[in-house]
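Undergrad: Input: one structure, supplied below.
What follows draws every value from the coordinates through simple rules; no lab data is involved. Remember, it's a predicted structure, so these values are computed and weren't measured experimentally. Backbone-built Cβ (ideal geometry, glycine too); neighbour counts: all protein chains shown.
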Amino acid sequence: MRVSSARLSRRGLGAYPTTKLFVGHTDREEVGGIDDDLVLVQPIDIFGRAAAARAVGSAEILRAESELAQVLAEIQYEVIAGYSEAASAKALADNAGQLMELAQRLHDAVKVLVAEGKLPGVQLSRVAIELERAKLTFQRRTAEFQSSVRRLAGILGLSPEQIAISDFATLNVGMVDPAVLKTRRADLRLLAADIQLAQAESRVANLGSKPELEVHGRQTSWHDSHRQYGIRVQLAIPLYDFGKSRSETAAARMRAEAAERALADATRIAESELLAAQIELESAQEQVARYGQVVTDARSLVDKSRQGFVDRAVTLIELLEATRALRELEEGYVEARLHLASAQAAYLKASGTILEVGK
């Protein structure tokens, strides 16, 4: 709506000078009137005041569009972060559920072995503690997932029932050349629009000291029985405005220079942010790949250890240690994937990329 408002404002600012019709009547010709009773006035824009005003409107449109892009980038970052948090909580809850099922199966197996006299009863108590711990962890992870879904629903303006979390989102993050950041990042585009706006305002202020030309179509007084019509060309020349135009022009030029320096500083910072985000992204991608392989190996080890425990080839302590290691690795894997999603969101924000969603 602000962009639409700026576009309408530009049309108004860039419109040609208004045509005016003056109609008046004086009861006595001696007190005024004469040829002002009916006058049609058309100002002539010989110095480009309309074009200068239109340039101000164009700069305002660029500002509004840049502000819109900035809001979109912030919303995109919030949505990706909120969804990634929910996906992480879901993955942790799923892992906790799997470990709880594993602990339940281990508890059932130990219970049978204790009943058969193959294991002491204290082993059943130890496994029961591990089972209760797994249940508590699953309960906590489930609550964390539900709360993250509630927060995501608030960000999206939806009800929690409308939110479906399957897994971490696959984001298409392409590398961006730092040289093109000025045309991609909304904050840099906003500073560029400030420069253009200040330059346009400087031109408008400078034109304030220029003459104004008008063409009048006039009629003689209503009291004249033989009315006559004529054309009058009038030039209004400003003689002295006590420095107003000069001060306004200088102020606009100074604003433009300040905006140029701010843009240069912001561009350097943006380039460093982009390179830092790229390092974080590449590191996170490597971490996820390595964690994935380690978790696969750990799951295989737990399966073998569980079978070995049933066959009496592995002790209960060794099985519990393998299970605990798997739990820690799976949580680390989820954290690595969450870090990757955060790094992707940060890179998108640093590069000024707005993802296109297909319909």
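Undergrad: How would you order 339-348, 128-137, 76-85 from highest to lowest mean count of nearby Cβ atoms within 10 Å?
TA: Averaged packing, sorted descending, gives the order 339-348, 76-85, 128-137.
Undergrad: Rg to Rh for segment 103-205: what is it, with Cα atoms only and Rh by Kirkwood?
TA: Using Cα coordinates only, the ratio equals 1.45.
Undergrad: Find the Cα radius of gyration of segment 178-292, compare it with 2.2 N^0.38 Å by division, and give the number to two decimals.
TA: 2.14
Undergrad: Find the percent of Cα-Cα distances in the chain that exceed 33 Å, and round it to a whole number.
TA: Tail fraction, whole percent: 60.
Undergrad: Something else about it: For each pair in Lys20/Lys210; Lys118/Lys304; Lys111/Lys135; Lys90/Lys182; Lys182/Lys244; Lys20/Lys244, compute the distance between the two Cα atoms and list the pairs where it is over 29 Å.
TA: Numbers: Lys20/Lys210 21 Å; Lys118/Lys304 20 Å; Lys111/Lys135 18 Å; Lys90/Lys182 38 Å; Lys182/Lys244 35 Å; Lys20/Lys244 27 Å.
Pairs exceeding 29 Å: Lys90/Lys182; Lys182/Lys244.
Undergrad: Now a separate question. What's the percent breakdown of Cα-Cα distances in segment 303-359 across 5 Å bins, shortest bin first?
TA: Distribution as computed: 4, 16, 13, 12, 10, 9, 8, 7, 7, 7, 6, 2 percent.
Undergrad: In segment 205-359, how does Rg compare with the Kirkwood Rh, expressed as the Rg/Rh ratio over alpha carbon atoms?
TA: Details: Rg = 38.7 Å, Rh = 24.1 Å.
Ratio of gyration radius to Kirkwood radius for segment 205-359: 1.60.
Undergrad: Here is a further query. Principal axis extents for segment 163-222, Cα atoms only, whole Å, descending order, please.
TA: Over segment 163-222, Cα extents along the principal axes are 84, 34, 14 Å.
Undergrad: When the scattering of segment 3-150 is computed by the Debye formula from its Cα atoms alone, each counted once and equally, what is log10 I(q)/I(0) at q = 0.12, 0.13, 0.18 Å⁻¹?
TA: Computed log10 I(q)/I(0) values: -0.79, -0.84, -1.03.
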